[in-house]
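The values are calculated or read from the model by the stated rules, or taken from the named source; none is laboratory data. What you are looking at is a predicted structure, and each value in this text was computed from that prediction instead of being measured. All Cβ positions, even for glycine, are placed from backbone atoms using ideal geometry, and neighbour counts span all protein chains on display.
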Amino acid sequence: MKRIGLLLLMAIAIAIFSANALAVEISYTGDTSSYFVTYYSNNVSGAPDATLRLINDGSGFEEPDPPGAISIAADIYVFDDSQELSECGACWISADGILSEDVKTELTSNPLTGRIPTRGVIKVIADPYGNPTSPSTTWGLHGWATHIERATATSGAYATTEAPLEDANLGETEQTLLGNLCYYLGLLGSGQGSITCTPEDHDF
């Protein structure tokens with residue numbers, strides 16, 4: 001009887017240990033992406049506004065130093081269709097918060113050259129420190145973007161679609177390049193080339 005009781009106790013201990021191990025494993029099997037890309041198009045007068053939306057799922061606080069930080073910055077880099085960086089900046093998003101950025105008025109209205117791009121690429125890095133000129137990475141951000149498409153090639157009508165941001169692989173060269181481009185954009189622009197951040201409680 002004692003032998004059966006000992007075996008039962010060992011089985012319970014193993015089950016508890018396995019459950020705890022599984023719980024730890026599961027807590028890190030979510031989406032830990034830190035770099036995202038999307039595009040914008042038909043950024044012209046008369047067309048609807050496109051929107052970039054980002055949420056902080058609350059998990060990114062495990063990564064930064066010191067521990068316990070609950071906010072994550074979205075380092076945002078806006079390129080025109082000639083692969084030139086037009087604007088950049090960082091917007092903070094608190095845990096469980098949402099950031100909504102209007103492409104027309106907040107991401108493309110203050111380009112370095114003064115020429116507002118009609119289409120291009122938007123890149124986002126989840127950054128625990130919010131320094132787009134020297135970005136670090138963490139996880140916890142997820143995003144979506146609306147896209148403005150012409151209903152037909154000749155029509156003046158537009159259609160709006162929405163899609164998740166695409167996960168991308170951030171290599172060391174690209175990470176360094178984005179930081180350097182943003183640094184020199186700020187240096188040359190003297191205010192030009194900086195995005196505007198919508199307060200979280202002013203979502204639209």
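Numbers below:
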| quantity | calculated |
| --- | --- |
| Segment 135-158 - residue that is of a type in the set (G, A, S) and in a loop (DSSP other than H, G, I, E, B) and, of those, farthest from N42 (Cα to Cα) | S136 |
| Selection within segment 105-130 - hydrophobic (A, V, I, L, M, F, W, C), in a loop (DSSP other than H, G, I, E, B) and at pLDDT 95 or above | I116 |
| Residue count for segment 163-198, restricted to those that are within 15 Å of the chain's Cα centre (by Cα) and not in a loop (DSSP other than H, G, I, E, B) | 6 |
| Leading residue by the ranking (nearest to the chain's Cα centre (by Cα)) among those in segment 150-162 that are surrounded by 13 or more Cβ atoms within 10 Å (Cβ to Cβ) and of a type outside the set (A, V, I, L, M) | T160 |
| In segment 131-171, residue modelled with the lowest pLDDT [restricted to those that are touching a helix residue (DSSP H, G or I) at 6+ places or on another chain (Cβ under 7 Å) and of a type in the set (G, A, S)] | G140 |
| Top-ranked residue of segment 84-104 - restricted to ones that are at pLDDT 95 or above and not in a strand (DSSP E or B), ranked as nearest to N180 (Cα to Cα) | E84 |
